[in-house]
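Encoded as structure tokens, the structure appears first; notes follow it.
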Amino acid sequence: MPFYNDHILPHVINLAMRNRELTPYRQRVISQAHGRVLEIGIGSGLNLPLYGSRVDAILGLDPAARLLTMAKDAANRSKMPVTLITGSAQAIPIDRGSIDTLVTHWTLCSIPDVGAALSRNAPRA
């Protein structure tokens, strides 16, 4: 299914997330972000304009290279630095303790091994 995953699914995801009824939920989540933010499942970057002045930098993680390509335009317009990373929530390629805020919404259903993703990213005591 490479054609579907590369050419159809990214646009379906982008279209679904543009639903205006979801905007208040996205705004509510994003308004709480501060410091260095990791957004798991950044997709096409629809949330980037919603981040406020309390955010210093954003790392956007997504396994879909096509969605990250779509996110580049939004990243270029962002007021804060944005780094886009191709990767899985099950193996996030950043150091623990280097993030102030973790944002993930409408993504857990698309992670093949949610348990691994959550246990990998759980804060250490």
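The values are calculated or read from the model by the stated rules, or taken from the named source; none is laboratory data. Note that the structure is predicted; figures quoted are calculated from it, not measured. Accessible surface is based on the protein model in full, side chains and every heavy atom, while ligands, DNA and RNA are left aside. Shrake-Rupley method; radii C 1.70, N 1.55, O 1.52, S 1.80 Å.
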Exercise. Counting only residues that are assigned to a helix (DSSP H, G or I), of a type in the set (A, V, I, L, M) and either under 21 Å from Ile99 (Cα atoms) or modelled with pLDDT of 95 or more (or both), how many does the stretch 57-73 have?
Worked result: 2
For this session: Would you tally the residues in the stretch 74-84 being assigned to a helix (DSSP H, G or I) and open to solvent by 70 Å² or more (accessible area, probe 1.4 Å)?
Result: 2
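Every residue, every condition in (1) within 14 Å of the chain's Cα centre (by Cα); (2) over 17 Å from Val37 (Cα atoms); (3) open to solvent by less than 80 Å² (accessible area, probe 1.4 Å), yes or no:
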| residue | (1), (2), (3) |
| --- | --- |
| Ile58 | yes, no, yes |
| Ala65 | yes, yes, yes |
| Thr86 | yes, no, no |
| Ser98 | no, no, yes |
| Thr104 | yes, no, yes |
| Val114 | no, yes, yes |
